[in-house]
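Beneath this line is the structure, given in structure tokens, with notes to follow.
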Amino acid sequence: MKYLLTISIATILFATSCTKQNQFSANFDNTNNRIWVGKDFWTIPLEDWKVEDGKLFCIGEAPNSRVNLLTHVLSAEAGDFQVSAKIMLTEKGNVPGSAGFLIGAHDEEDSDVRAACYFGGGIKAGVSLNGFAFLKDEKVDLPEGFDFSEFNITVSGNNTDLKMKIADKNSVQVELSTKIENIQGLIVLANNLNLGGNEKPGKSKFAFDDLKISGSKLVEKPENAFGPILWTMHTLSKGTVKLMAMLPPVGNEDNQDVSLQLKKGEKWETVATQTLEPDSKTAVFKIENWDATQNVEYRVEYIEKAKDGSETPNYYAGTIRKDPVDEPLKFGGLTCQYTSGFPYTPLVKNLTNLDPDLLYFSGDQIYEPNGGYPMKREPEDVSILSYLGKYYMFGWAFGDIMRDVPTICTPDDHDVFHGNLWGAGGIAKPGGAGSSDTRGFMQSVKMVNVVNRTQCGQLPDPYDPTPIEQGMSVWYTGLTYGRVSFAIISDRIFKTGPEAVSDWEGRHDHMKEPRKDLSFLDKPGVEMLGTRQEKFLNDWALDWENADMKVLLSQTVFANVATHHGALEDYLYGDLDSGGWPKSGREKVIKLMRKVGAFNINGDQHLPSLVQYGVENFQDAGWSFCTPAICNFYMRWFLPDELGAPVIDRPKHGYENTGKYTDAFGNKNYVYAIGNPGKITVDKDSRYGNAQIRNSGFGFVTFDQNERTINIDAWRFIADVENPIPLRDQFPGWPLKINQYDNFGMGAENLLPEIVVNQPNQVIEVTKTSTGDLIRIFRMKGNSVQVKLMHPGTFTIKIGDKEVGSFTTKQGENPEKVNVEI
Ligand SMILES: [Fe+2]
């Protein structure tokens with residue numbers, strides 16, 4: 001967008017890396033010991049590299065472990081270059097490995113530097129402990145006695161020829177040359193390269209130093225830098241701004257203080273300074289009494305303090321926009337980021353073009369294989385870095401939007417290294433990491449709390465911050481923005497494990513066949529949201545301050561709307577990981593949403609759906625939008641037509657697999673639209689094409705507070721949002737516009753008198769007179785309203801704080817009219 005990623009002001013003589021025109025060098029001598037190398041570099045895997053005593057060490061065993069140089073790249077233009085480095089074997093390992101360069105790493109699909117870092121191959125140039133040197137496809141044996149403890153590699157060339165010279169510290173030398181057809185892209189230091197053939201990548205560890213690059217092909221790209229402020233996320237709600245700055249794993253000797261500055265006139269004013277939270281390397285700022293009527297420019301300041309005491313200020317800038325109370329609220333709903341579509345360029349471009357006012361990332365901001373290497377579950381400090389390295393990909397992909405757009409982010413199962421999660425209030429998984437179909441968390445509470453902090457630190461303060469089991473933090477809360485009141489909850493963390501009810505063979509979460517009596521699935525004590533979150537929701541329901549509409553944000557849909565999981569052969573009758581179970585807990589939240597006319601937005605499924613919930617009858621409750629996965633790896637389908645389910649009340653559009661269906665748990669789901677993947681599910685030629693055919697994309701919802709309408713889009717991964725053709729660019733059945741009050745459900749035939757108020761847009765509250773139970777609360781549109789209820793009875797009506805009286809419903813129609821003055 002309009003700001004540079006970082007602005008470095010001081011470059012001094014003794015800086016760690018040195019830049020002149022067509023020249024770059026780095027010796028790491030001025031870098032404090034730490035995991036993060038510096039803003040010019042990006043290491044993959046993050047946790048497998050460190051700077052120590054002025055050298056760069058590979059400390060992991062992942063194949064193709066790499067340090068990408070971001071800010072100086074080889075252009076495609078004609079010219080020459082030379083690159084050299086000192087390399088030292090530090091640990092031989094039990095399988096011989098290799099070290100050297102990948103030169104000209106770029107991604108054929110996407111020219112973006114982020115794509116090059118994760119998908120760029122480059123020409124391999126280096127040495128193997130098996131006794132040879134390699135350059136592209138050329139190999140030459142190393143002389144007897146070659147000393148791997150310290151050697152130099154120099155590669156030089158142009159667009160047609162490459163030469164490599166290797167010399168150990170005793171000047172034992174070899175030379176190699178090869179022909180190439182063009183070279184462009186990143187220069188990468190690599191440890192344990194995948195050399196193909198019978199050659200294993202190996203498990204050796206090397207250190208690197210004195211990287212030097214020069215030549216006319218070298219171009220400086222300062223805009224490619226990442227860090228030291230990686231990105232920010234913020235929210236504005238009820239006059240309070242919360243903003244979190246994400247920093248990479250800086251070292252103990254590095255500066256730990258981060259400041260927030262606001263622009264006052266032409267000057268930047270520091271409004272707060274925070275010390276980095278040590279585990280997550282985040283700084284969270286909270287500013288109360290915020291004037292939400294104007295845009296305010298902010299910047300985060302981090303002063304890098306090098307070993308020699310020199311200081312380099314860095315800034316990351318954005319805007320806290322004014323609360324969009326007088327225009328429709330544009331909401332981006334996103335979920336599930338699988339690495340193969342990174343950095344999701346077509347999708348990010350479209351999301352940016354649609355200019356959202358608010359973003360919601362509902363979960364699976366990481367998957368365990370993201371980045372192309374396995375996650376590490378232990379030890380604890382490494383598991384945290386392993387999570388962070390994958391999580392930083394999210395910020396790198398979406399940071400430019402998030403700098404200006406308030407962002408809600410909630411973790412789901414994969415964010416805490418789980419395939420599925422039934423958190424049971426934060427307990428440790430009995431028996432440890434093994435079983436993936438039972439209650440409890442596999443990872444340490446410290447790691448989970450880092451996940452919570454890095455994803456939710458910018459959210460309004462939790463409703464009740466009291467930690468749950470093991471001292472696990474919580475984040476469920478409310479947020480009001482653009483006159484829409486959001487409840488942000490977890491449908492995983494408190495949920496009971498399926499082993500509490502499963503009485504079948506095999507996985508506890510897979511119900512393979514129908515059962516006549518489903519009551520065993522809803523034993524007493526089986527929870528979905530848990531009593532703490534239910535208490536919050538009951539309070540949230542009553543709060544209509546500065547809000548016209550209500551929305552509940554959850555991770556998944558409260559229904560089991562998938563018949564096939566993973567592959568088209570894999571039919572599954574009932575999935576206890578879905579929000580369709582437990583039915584009783586699911587109905588509590590659906591009834592609560594119905595009281596306030598709340599719309600539900602969620603993700604998780606990788607199967608976009610628009611469902612109208614039912615409790616006693618089909619369609620007697622509110623609507624849910626399950627947004628498409630940003631990039632889908634694990635596919636699900638909803639194919640009731642193919643399974644021979646009867647077609648009941650198919651919507652007017654007539655698309656397959658839509659209509660009324662009862663799921664395995666007895667939930668009555670009206671599936672208005674479904675975005676199934678196609679039958680062809682692999683595009684080998686294109687990462688983005690692959691994302692497209694695996695039904696990837698994002699949700700976009702426009703809340704019109706004046707009209708009280710909700711317009712729902714489900715965009716495909718590749719789409720033309722500026723000149724859209726619905727069936728090409730959206731999933732079948734989208735877009736759909738509903739009314740806020742459609743979320744009260746259909747079939748309410750018991751009418752209270754018409755209430756006419758002298759002031760428009762008042763909050764009306766209906767309680768059952770005999771019990772005081774809340775039945776309905778919402779903001780009227782205009783001056784009059786006639787409330788329709790599912791059940792007959794006598795009800796007390798309040799307008800604002802004013803009690804209007806008690807009234808008995810009439811069936812079908814009620815001509816009574818009550819005038820209220822407030
Ligand atoms: Fe997912």
note = Amide H proximity to THR90 below 5 Å, modelled H, separation 5+ or other chain, gives LYS205, PHE206, ALA207
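Considering only protein heavy atoms, what per residue accessible area in square angstrom results for the chain with a 1.4 angstrom probe?
37 Å²
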ask   = Using modelled amide H (1.01 Å from N, peptide plane; none on Pro or chain starts), what sits under 5 Å from the amide H of ILE59, excluding residues fewer than 5 places away?
value = TRP49, LYS50
key: FRET E, pair LYS92, GLN23, Förster distance 41 Å, beta-carbon r, rounded to 0.05   = 0.75
inquiry  = Please report the antiparallel percentage of DSSP beta bridges with both residues in the chain, rounded to the nearest 5.
reply    = 85 percent
task = Find how much the distance from LYS810 to ASN761 grows on full extension, using 0.36 nm per residue of separation minus their present alpha carbon separation; answer in nm with one decimal.
result = 15.2 nm
task = Note down the Stokes-Einstein diffusion coefficient of segment 227-296 in µm²/s, whole number, using a Kirkwood radius over alpha carbon pairs, 25 °C, and 0.890 mPa s.
result = 187 µm²/s
Average projected area [Cα convex hull, segment 722-822], square nanometres = 8.9 nm²
Counted charge near ASP279, where neighbours are those whose Cβ lies closer than 11 Å (Asp, Glu -1; Lys, Arg +1) = 0
message = Give the separation of the Cα centroids, segment 278-300 to segment 415-472, in Å.
response = 26 Å
ask   = Ranked from highest to lowest mean number of other Cβ atoms within 10 Å per residue, what is the order of the peptides 463-470, 785-792?
value = 785-792, 463-470
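Given the pairs LYS263/LYS595; LYS330/LYS591; LYS588/LYS679, which span a C-alpha to C-alpha distance of over 32 angstrom in this model?
Beyond 32 Å between Cα atoms: LYS263/LYS595; LYS588/LYS679.
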key: Percent carbon-and-sulfur accessible area, the chain, ignoring ligands, DNA and RNA, probe 1.4 Å   = 48 percent
message = Please list 3J(HN,Hα) in residue order for segment 625-633, calculated via the Karplus relation 6.51 cos²θ - 1.76 cosθ + 1.60 where θ = phi - 60°; whole Hz, with x for glycine and proline.
response = 10, 8, 7, x, 6, 4, 9, 8, 9
note = Check: C-alpha center segment 160-189 vs C-alpha center segment 193-272, spacing in Å is 30 Å
ask   = Relative contact order (percent) for segment 424-568, with alpha-carbon contacts under 8 angstrom and 6 or more residues of separation?
value = 25 percent
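Only bridges whose two residues both fall in segment 475-588 count here: according to DSSP, what percent of them are antiparallel, nearest 5?
Values: 8 of 13 bridges.
Taking every DSSP beta bridge within segment 475-588, about 60 percent pair in antiparallel fashion.
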note = log10 I(q)/I(0) for the chain, Debye formula on C-alpha points only (no solvent), q = 0.06, 0.10 Å⁻¹, two decimals, reads -0.42, -1.07
inquiry  = Using only the heavy atoms of the protein chains and a 1.4 Å probe, how would GLU754, GLU368, GLU77 rank by accessible area, largest first?
reply    = GLU77, GLU754, GLU368
ask   = Tell me, how many Å apart are the Cα centres for segment 523-565 and for segment 757-822?
value = 24 Å
ask   = Classify segment 309-468: rounded, prolate or oblate, from the alpha-carbon gyration tensor (a ≥ b ≥ c, eigenvalue square roots; a/c under 1.5 rounded; otherwise prolate if a/b is larger than b/c)?
value = prolate
ask   = Which aspartates and glutamates have a Cα lying under 13 Å from the Cα of LYS179, excluding residues fewer than 8 positions away in the same chain?
value = ASP137, GLU138, ASP161
inquiry  = Taking θ = phi - 60°, what integer Hz values does the Karplus form 6.51 cos²θ - 1.76 cosθ + 1.60 yield along segment 689-702, in sequence order, with x for Gly and Pro?
reply    = x, 5, 4, 5, 7, 8, 6, 7, x, 8, x, 9, 10, 10
ask   = Ordered by residue, what ³J(HN,Hα) values in Hz, to whole numbers, does segment 741-748 give under the Karplus form 6.51 cos²θ - 1.76 cosθ + 1.60, where θ = phi - 60° and Gly and Pro are x?
value = 7, 4, 6, 7, x, 9, x, 7
query = If you place +1 on the Cβ of every Lys and Arg and -1 on the Cβ of every Asp and Glu, how big does the dipole about the Cα centre of segment 690-822 come out, in debye to the nearest 20?
reply = 220 debye
task = Please express the Cα-Cα pair-distance distribution P(r) of segment 438-494 as a list of whole percents, one per 10 Å bin, running from 0 to the bin with the greatest distance.
result = 21, 53, 21, 5
query = Given H placed on each backbone N at 1.01 Å, which residues far from THR769 in sequence or on other chains put an amide H within less than 5 Å of it?
reply = THR794, PHE795, THR796
task = Report the extension gain between ASP257 and LYS512 in nm, rounded to one decimal, defined as 0.36 nm multiplied by the number of residues separating them, less their alpha carbon distance.
result = 86.4 nm
ask   = How much FRET efficiency would the formula 1/(1 + (r/R0)^6) give for ASP80 and THR275, where r is the Cβ-Cβ distance and R0 is 45 Å, rounded to 0.05?
value = 0.40
ask   = Lys/Arg Cβ at +1, Asp/Glu Cβ at -1, dipole of the chain taken about the Cα centre: which of THR496, GLY431, ALA547 is farthest positive-ward?
value = ALA547
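The values are calculated or read from the model by the stated rules, or taken from the named source; none is laboratory data. Small disclaimer: the values here were computed from a predicted structure and weren't measured. Note: ideal-geometry Cβ built from the backbone for every residue, glycine included; neighbour counts use all protein chains shown. Protein only, heavy atoms only, side chains kept; ligands, DNA and RNA dropped before computing areas. Shrake-Rupley method; radii C 1.70, N 1.55, O 1.52, S 1.80 Å.
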